[in-house]
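Only one structure is covered here, and it is reproduced in the block below.
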Amino acid sequence: MIERLVGRRPAPAQRPTRWWLDTLRRRRERMYEEKLDLSTPIVWESEAEQRAAIAFFNAAFRAEESGLKQAHELAGVVERWDPELAECLRLYGDEEGWHRELLTEFLAYLGGQVKPMGKVTGTFYRLYGRAERMDTIVLTNLMFETIGSTTYRLALRRARHPAVRSMLTILTRDESFHVPLNVHFLRELLAHERAQHGLAATLLAKGRLQGLYHLLFVSLLGSAWASRRRALEFDKIPFPVLSKAYAEQLARLFLHEHDLGLRPPSVLLAAMGFERKQLRTGDSAVSVEAAEAAADRTQVQVTAL
Ligand SMILES: [Fe+2]
Ligand SMILES: [Fe+2]
């Protein structure tokens, strides 16, 4: 089984809250200077391609909006016991707010606008918006960030138009930083819970999170299917490629960050053709090393994404 080997591995690289805070503060200094180059209009291959592009970036907009809201709400709670972690959450939320502004501008450039959410997406975000437990919110957000950065990376590899590439480069680069940042948030929240409520409550919370992890894992693979109907004409990522990439990154993340104690669904992964060696080795796009590579906005090369 995949998880049987987990205990033997050394702890993944970690950084203290102070490091994340200093890095986020440095990132904020230059953030608003960065602009999209929207000088060349897009010549669409078809109306369907344009519609799909608008749907793709509308989905991105909703993810940013949700990330911003949850991060700022959590900051208000965390403030009571860890002001530095709360500031990290606030600065992280601000980055998502900046993405939301860029996407609003970009959608207008595409000839579209922010549209009301569909039934399924709306229900999903409403349920997520009602979540109260901090670990539930952060785990859900972490998994959203993981599939977000995976989708952007795959779309960037296929994108040709300079403006689309510049939008996707910003999103890919920043979400690569946000995934390990959210791992840090989750680790800190679990440590806080352990200190507050003791081992028994922590084990119960872990069991609940394990169930949520598997539920979201399957739901997000389902979302890859649903998004193909709306966005395939634009992003050109076939379902088998997208779903395998989601499964790989969602599994690799928690195999790598094994101290969080969340085990990927090994039967599903085996059915999808993954071998444990393949998931445990190779570059993880979601590690602290990846965050360090993406931390300095000015140094990130498109080819490195
Ligand atoms: Fe974002
Ligand atoms: Fe993000």
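Under 18 Å from the Cα of Lys244, which aspartates and glutamates turn up, not counting those fewer than eight places away in the same chain?
Excluding near neighbours in sequence, the set is Glu145, Asp235, Glu275, Asp283.
Which of the lysines could a cross-linker span from Lys35 if the Cα-Cα distance has to be under 29 Å and same-chain partners fewer than 8 positions apart are dropped?
Filter leaves Lys69, Lys115, Lys236.
Output the peptides 244-251, 48-55 sorted from most to least packed, where packing is the average of other Cβ atoms within 10 Å over each peptide's residues.
Result, highest mean first: 244-251, 48-55.
In nm, give the distance between the simple-model label positions of Arg208 and Leu38, each being 7 Å from the Cα along the Cα-to-Cβ direction.
4.3
For the charge dipole of segment 46-304, defined by +1 on Lys and Arg C-beta atoms and -1 on Asp and Glu C-beta atoms about the Cα centroid, which residue among Gln249, Leu199, Leu91 has the Cα displaced farthest towards the positive pole?
Gln249
Within the chain, which DSSP H helices have Cα atoms that stretch 24 Å or more along the helix axis and a mean Kyte-Doolittle hydropathy of at least -1.0?
Long hydrophobic helices here: 47-78, 83-109, 134-158, 162-235, 239-256.
Starting with the highest mean, order 132-140, 147-155, 63-71 by the number of other Cβ atoms within 10 Å, averaged over the residues of each peptide.
147-155, 63-71, 132-140
Label points 7 Å out from Cα along the Cβ direction at Leu268 and Glu132: separation in nm?
With each label point 7 Å from Cα toward Cβ, the separation is 2.7 nm.
Counting alpha carbon pairs within less than 8 Å and at least 6 residues apart, what relative contact order, in whole percent, applies to the chain?
26
To the nearest 500 deg cm²/dmol, what mean residue ellipticity at 222 nm is calculated for the chain from DSSP H runs of n ≥ 4 alone, each contributing -39,500 (n - 2.57), summed and divided by the residues?
-25500 deg cm²/dmol
Just the ratio, please: alpha-carbon radius of gyration of the chain over 2.2 N^0.38 Å, N its number of residues.
0.97
Bear in mind these aren't lab numbers, they're just calculated from the coordinates by the rules spelled out. In this text, all values refer to a predicted model and were calculated from it rather than measured experimentally. Cβ coordinates were reconstructed from backbone atoms using ideal geometry, including for glycine residues, and neighbour counts include every protein chain displayed.
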